[in-house]
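Taking it in order: structure first as structure tokens, then the write-up.
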Amino acid sequence: MSGIGQTRYVIQDTGQDSVDDISQLPDCILHHILSFIPTKDVVKTAILSKRWNNVWTSVSNLDFDDALLYANETENRYPPEETCFINFVERVLSLRDASNIKKFRLSCRVFFNAPCIHSWIASAVMHNVQKLDICLFVDDPFVLPSSVFCSQTLTSLKVEMNCVLEFPAIIYLPYLKTLHLSLVTFANDGSTQKLFSGCPVLEELTLLDCEWLNLKDITIASSTLKRLTIDDLPYFGPPDGPKDCKIKIFTSNLVYLKYTGYPSNDIFVCDVSSLVKAYISVPVPHEKQKEVASHVNLTRLDLTMEFRKSTIEALMKFLKCCPNLQSLFFSEGFNHDVCLVENDLVWSSLPKCISSRLKMLTFKNFHGNDAEICFLKCVLQHASVLKKMNILCCENVSGDPNRLYEVRKALLAVSKGSKSCVVTFS
């Protein structure tokens, strides 16, 4: 009986006259097969036969993860297994031949031997690594090898490291297309700007839970960038506190933008004329006004925040900057403090996308409050090309047949701007 989540590699002996078909395959195919197997198991293939003795030494993917050492961690901070892990990585890299590395992943604690870890990463770069994925848990600042930031072969760089990310004087990654940074603290404007400017063909940039505290003014300018994701850390200081960093975005070919977090930084979206999809989640509204650019190519917008009295007007302003929006999704509905009536000034200048472009509206976590009903009524009345409105009720509404009946009655009685529009409740 096989256990759930376990992988088994079975080598079967079918007799002296059997033919080992796999061993007859050329090295390139064997390397491809081994690329799907954990490195610790790849090395074990050396005992199969003489044919396999050195096959593993030129496998293209290497994956080292010390997580298993801490599965049953005791109070002893330096268990003997750490030495085994270090020795294993050292042996694999020292016995490796001169062939190139396609993908190198390293996830480990740094405190037990920083010089070794530094040399392992440098070794991967020396072997012309294309995809480098580094996840380091540090107690003290750790500096990545400078060669990482001057690699002539890297196409993907992912760094997760809970300390200040220090950069060398020169940064130039001519073939880097994907850059992911997680948990890092940016040191200063100058070095951070060099990083963003030193990737001339970058197509995807992801910044997750990074610390901008030391930065004042940063520009992300790229004609090649297509996907940008920023997930900000929460900030609990005053709105006008010293934390604010001005982040200007000039990305004329950006098609995907995702921002999640507390808008403690000033973000200026200056040129996103090609934007198609934008996902914006702001759990706690910020009182400062942000500059809003026109998103003429944006056709779908997912809103993952709950709208309050202080943000409903900002929503209408943003929708006015999306003249070709066709699909609108609300995941959290309106807070009870929102007050809307049918003759409210907020409707005095209805966004063009609602009146002439919107085809699909999904309203999740519908509470059935007056503001939500008023908003949906207005959309139904003025959306001339709306095809479908999906209303997903919260438990308080869906579990109350009388309340659900009253809400359905109120919305279905509206004189719709689009006669073909279908309204569904679930």
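Just to check your reading of the model, which residue among LYS288, LYS317 is surrounded by fewer than 16 Cβ atoms within 10 Å (Cβ to Cβ), of a type in the set (Lys, Arg) and modelled with pLDDT under 75?
Exactly one residue qualifies, and that residue is LYS288.
Filter region 73-91 down to the residues that are part of a loop (DSSP other than H, G, I, E, B) and loosely packed, with under 15 Cβ neighbours inside 10 Å, then identify the one that is modelled with the lowest pLDDT.
Filtering first and then ranking leaves GLU75.
Kindly list, by first and then second residue, each pair from a residue in region 304-319 that is more than 13 Å from GLU332 (Cβ to Cβ) to a residue that is modelled with pLDDT of 80 or more and in a loop (DSSP other than H, G, I, E, B), limited to pairs with Cβ atoms under 7 Å and residues at least 6 apart or on different chains.
Sorted first by the residue in region 304-319, then by its partner, the pairs are MET316/PRO351; LEU319/LEU325; LEU319/PRO351.
Just need a number here: residues in region 351-376 that are part of a loop (DSSP other than H, G, I, E, B) and either open to solvent by 40 Å² or more (accessible area, probe 1.4 Å) or more than 15 Å from LYS320 (Cβ to Cβ) (or both).
Count: 5.
Can we say VAL379 is part of a helix (DSSP H, G or I), touching a Phe, Trp or Tyr at 6+ places or on another chain (Cβ under 8 Å) and crowded, with 19+ Cβ neighbours inside 10 Å?
Considered against the rule, which asks whether it is part of a helix (DSSP H, G or I), touching a Phe, Trp or Tyr at 6+ places or on another chain (Cβ under 8 Å) and crowded, with 19+ Cβ neighbours inside 10 Å, VAL379 comes out as no.
Residue-by-condition table, conditions (1) of a type in the set (S, T, N, Q); (2) within 21 Å of LEU350 (Cα to Cα):
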position: PHE375; (1), (2): no, yes
position: VAL379; (1), (2): no, yes
position: HIS382; (1), (2): no, yes
position: LYS387; (1), (2): no, yes
position: SER398; (1), (2): yes, no
position: ASN402; (1), (2): yes, no
position: LYS409; (1), (2): no, no
position: SER415; (1), (2): yes, yes
position: THR424; (1), (2): yes, no
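With respect to the numbered conditions (1) within 21 Å of the chain's Cα centre (by Cα); (2) part of a helix (DSSP H, G or I); (3) of a type in the set (Ser, Thr, Tyr), which one is the sole condition not fulfilled by SER94?
Unmet condition: (1).
Got at least one residue in region 407-421 being assigned to a helix (DSSP H, G or I), surrounded by 16 or more Cβ atoms within 10 Å (Cβ to Cβ), more than 30 Å from the chain's Cα centre (by Cα) and of a type in the set (A, V, I, L, M, F, W, C)?
Yes, region 407-421 contains at least one residue that is assigned to a helix (DSSP H, G or I), surrounded by 16 or more Cβ atoms within 10 Å (Cβ to Cβ), more than 30 Å from the chain's Cα centre (by Cα) and of a type in the set (A, V, I, L, M, F, W, C).
Filter region 110-120 down to residues that are outside any loop (DSSP other than H, G, I, E, B) and surrounded by fewer than 19 Cβ atoms within 10 Å (Cβ to Cβ), then give me how many there are.
Number satisfying all stated conditions: 5.
Taking region 244-266 as the search range and keeping residues that are of a type in the set (A, V, I, L, M, F, W, C) and open to solvent by less than 30 Å² (accessible area, probe 1.4 Å), which one is modelled with the highest pLDDT?
LEU254
Every residue in region 14-72 that is modelled with pLDDT of 70 or more, in a loop (DSSP other than H, G, I, E, B), of a type in the set (A, V, I, L, M) and farther than 21 Å from VAL89 by Cβ, please.
Scanning region 14-72 gives a single hit, LEU25.
Identify all residues within region 128-167 that are closer than 19 Å to ARG96 by Cα and buried (at least 21 other Cβ atoms within 10 Å of the Cβ); write none if there are none.
Within region 128-167, VAL129, LEU132 meet the criteria.
Listed residues ASN343, ASN390, ASN324; which is modelled with pLDDT under 90, closer than 20 Å to TYR279 by Cα and not in a helix (DSSP H, G or I)?
ASN324
Do we find a residue being touching a Pro at 6+ places or on another chain (Cβ under 8 Å), open to solvent by less than 60 Å² (accessible area, probe 1.4 Å) and touching a residue at least 24 places away in the same chain (Cβ under 8 Å) anywhere in region 93-107?
For region 93-107, residues touching a Pro at 6+ places or on another chain (Cβ under 8 Å), open to solvent by less than 60 Å² (accessible area, probe 1.4 Å) and touching a residue at least 24 places away in the same chain (Cβ under 8 Å): absent.
The values are calculated or read from the model by the stated rules, or taken from the named source; none is laboratory data. Since the structure is predicted, the reported quantities are computational estimates derived from the model, not experimental observations. A quick note on method: Cβ atoms are made from the backbone with ideal geometry, for glycine too, and the neighbour counts reach across all protein chains shown. With ligands, DNA and RNA removed, areas are computed over all heavy atoms of the protein, side chains included. Shrake-Rupley method; radii C 1.70, N 1.55, O 1.52, S 1.80 Å.
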